Every structure is written in structure tokens, then in C-alpha cells.
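*Asks:* Sharing a structure here in C-alpha cells format.
The values are calculated or read from the model by the stated rules, or taken from the named source; none is laboratory data. The structure presented is a predicted model; accordingly, all values stated were derived computationally and were not measured. Neighbour counts are summed over all protein chains in view; Cβ atoms, including those assigned to glycine, are modelled from backbone coordinates with ideal geometry.
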Amino acid sequence: MPRVITPREFGKPLGMYSHGMAAPAGEIVVVAGQVGARRAGEVAGPDVESQTKQAFENVRAVVEAAGCSMKDVVRLQTFLTSADDIGGFMKARQEVFATYFPDGAYPPNTLLVVSRLVRPELRVEIEAMAVRARAAARRPPVVRRRARR
């Protein structure tokens, strides 16, 4: 399980993140940027809050498919297409983090504002990195295949 790192000379983080994390040796799981789109590709909604919740659910799905939980996430990187969406993003993050990280040990997060994402209707994209413990790393990740019709 990762542990939070806070240098003595630092104050509390400005938001729901940790200044750093240390994870025991294991296998690194890197999650590509996830956007607020559902399986069929439709965007979860026009607002940053609904897209943020869906993007985090997509991150969770990949992390769990790799044999981890959200508590194994040691880094997040978030991209927003407008600084005006920061408040909505933080509101949605607060809601989902209450479920994912009930102990308040949040992974470090970098938040960047970019000019746009791959599709113009997308407002948020979230990347993640997790560490799968050595015992779990020996087990192959779950690979879900689509049923043939």
C-alpha cells in the first residue's frame, strides 16, 4: 500500500492530493488518459462534472482490470480545457474521492489547462499510475474480451 510523503517544511496541500507518495516494490500500472466518455463512445454530459466522474470511473475500471484498486494509485495527471472548469472538476473529484480514498490519502495530482483534447466536446482527461504489489504482480491481469455475436 502506498504511503503519503509530506516534507516537514511543507504545509498541507492546496487541494485533494498529496505532495508525494512512496509505494512498495511491485509492478507499475500506467493508465492512458481517460476522458468522460462511456463504452460506446458517447460523452457522459456537456458539463465538466459529469465528464470528470466518468473519466474517474474509466480510470478505476483500468486499474481494477490490472489487479489493483484505486488505493494503489500513486499519481494522477488531469487536463482541463478551460480554467473556468476547475471548480466543477474539484467538486466532482471531491465526490468520487470520498468513495475511492475514504482514508484521505490522496495520490499526487498535477492539474493542467490545455487548449483542447482530441474531440472538441471533451472537457477533461485523466491519466493515472498505480503500483501493483509483488504478490498481485505474479497473477496475470484480468483481460476482458467482448462477446462474439
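*Asks:* Look at the stretch 29-64 and say how many of its residues are modelled with pLDDT under 95 and of a type in the set (A, V, I, L, M).
*Replies:* So the answer is 1.
*Asks:* Quickly run through the stretch 2-18 and pick out the residues that are surrounded by 11 or more Cβ atoms within 10 Å (Cβ to Cβ) and over 16 Å from the mean Cα position of the chain (by Cα).
*Replies:* Arg3, Val4, Ile5, Thr6, Pro13
*Asks:* Just checking, which of Ala92, Ala105 is over 11 Å from the mean Cα position of the chain (by Cα), not aromatic (Phe, Trp, Tyr) and not in a helix (DSSP H, G or I)?
*Replies:* One residue alone meets the criteria, Ala105.
*Asks:* Collect the residues in the stretch 2-37 that are part of a loop (DSSP other than H, G, I, E, B) and hydrophobic (A, V, I, L, M, F, W, C), keeping them in residue-number order.
*Replies:* Listed by number, the residues that qualify are Phe10, Leu14, Met16, Ala23, Ala25.
*Asks:* OK, next. Determine if the stretch 69-84 includes at least one residue that is part of a helix (DSSP H, G or I), over 17 Å from the mean Cα position of the chain (by Cα) and without any contact (Cβ under 8 Å) to a residue 40 or more places away in the chain.
*Replies:* Yes, the stretch 69-84 contains a residue that is part of a helix (DSSP H, G or I), over 17 Å from the mean Cα position of the chain (by Cα) and without any contact (Cβ under 8 Å) to a residue 40 or more places away in the chain.
*Asks:* Suppose we keep only residues that are more than 15 Å from the chain's Cα centre (by Cα) and surrounded by 13 or more Cβ atoms within 10 Å (Cβ to Cβ) within the stretch 21-37. Which one would you say is farthest from Met1 (Cα to Cα)?
*Replies:* That would be Glu27.
*Asks:* Does Arg93 qualify as being touching a residue at least 12 places away in the same chain (Cβ under 8 Å), loosely packed, with under 12 Cβ neighbours inside 10 Å and in contact with a helix residue (DSSP H, G or I) (Cβ under 7 Å, 6 or more places away or on another chain)?
*Replies:* Judged against the criteria, Arg93 is not a match.
*Asks:* Based on what the data block shows, is Ala40 surrounded by fewer than 20 Cβ atoms within 10 Å (Cβ to Cβ) and in a helix (DSSP H, G or I)?
*Replies:* no
*Asks:* Between Thr99, Thr52, which is closer than 16 Å to Pro120 by Cα and either free of Cβ contacts under 8 Å to residues at least 24 places away in the same chain or hydroxyl-bearing (Ser, Thr, Tyr) (or both)?
*Replies:* Only one candidate passes the filter, namely Thr52.
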